[in-house]
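Notes follow the structure.
We did not get these values from a lab; they are worked out from the coordinates using the rules stated. This structure is a prediction, so every number in the text was calculated from the model and none was measured. Reconstructed Cβ throughout: ideal geometry from the backbone, glycine too, with neighbour counts over all protein chains shown.
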Amino acid sequence: MEFPTIQMPSILEIQEFDIEELSKNINKSLNAFFLYRREFMKRALANGLRIKMTEISKMAAKAWGKEPRKIKKAYIKVSRKVDDLLQRKKQEKKIFQIVYDHNMEMVPQEAVYQVYQQPLQFIPPDEYICSLNVDDIALLYLYNINVINFYPFF
């Protein structure tokens with residue numbers, strides 16, 4: 001069965017591929033051949049070629065083998081750009097942003113040191129214990145001060 005020839009992009013067209021678009025909806029980087037096969041499939045469908053994906057993959061593999069080294073290098077460069085973008089996106093997902101709002105209550109530093117320097121058997125007066133809110137306790141935990149050890153009745 002004879003299929004029409006698929007006109008693949010030139011080096012300039014390859015260099016103009018939208019890296020953002022190529023990296024959408026994927027978690028794993030694409031190698032140069034995968035990018036080539038993806039473009040091959042798009043162009044085959046645009047030409048009205050409706051065959052199984054396995055057949056398109058075989059056709060793309062044959063066409064890839066015939067492509068000049070310059071074309072393959074262009075796809076390799078695009079593949080690296082996509083990979084770099086995916087790596088940056090993964091790093092951005094791992095970064096936690098700490099937001100400070102001036103309306104937040106802050107625990108005075110003296111209070112942190114005061115509690116930290118007190119012996120473990122010391123039990124502060126009830127009015128001091130009641131004045132600790134969740135933010136105060138969280139701040140004390142940041143300084144590795146376990147409030148529960150200080151106040152066993154929490």
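Once both labels are positioned 7 Å from their Cα atoms along Cα-to-Cβ, the gap between Glu16 and Lys42 label points is 1.2 nm. Packing order of peptides 33-44, 62-73, 77-88, highest average first: 33-44, 77-88, 62-73 (average count of other Cβ atoms within 10 Å over each peptide's residues). When the alpha-carbon atoms of the stretch 11-94 are used, the pair Rg, Dmax equals 13.8, 43 angstrom.
Converting phi to 3J(HN,Hα) with the Karplus coefficients 6.51, -1.76 and 1.60 and the offset θ = phi - 60°, the stretch 74-84 yields 5, 5, 5, 4, 5, 4, 5, 5, 4, 4, 4 Hz in sequence order, with x at every glycine or proline.
Using a simple spin-label model with pseudo-atoms 7 Å out from Cα toward Cβ, Asp84 and Asn31 lie 2.1 nm apart. In this structure, the residue pairs whose Cα-Cα separation is over 21 Å, taken from Lys28/Lys90; Lys28/Lys70; Lys28/Lys81; Lys24/Lys77, are Lys28/Lys70.
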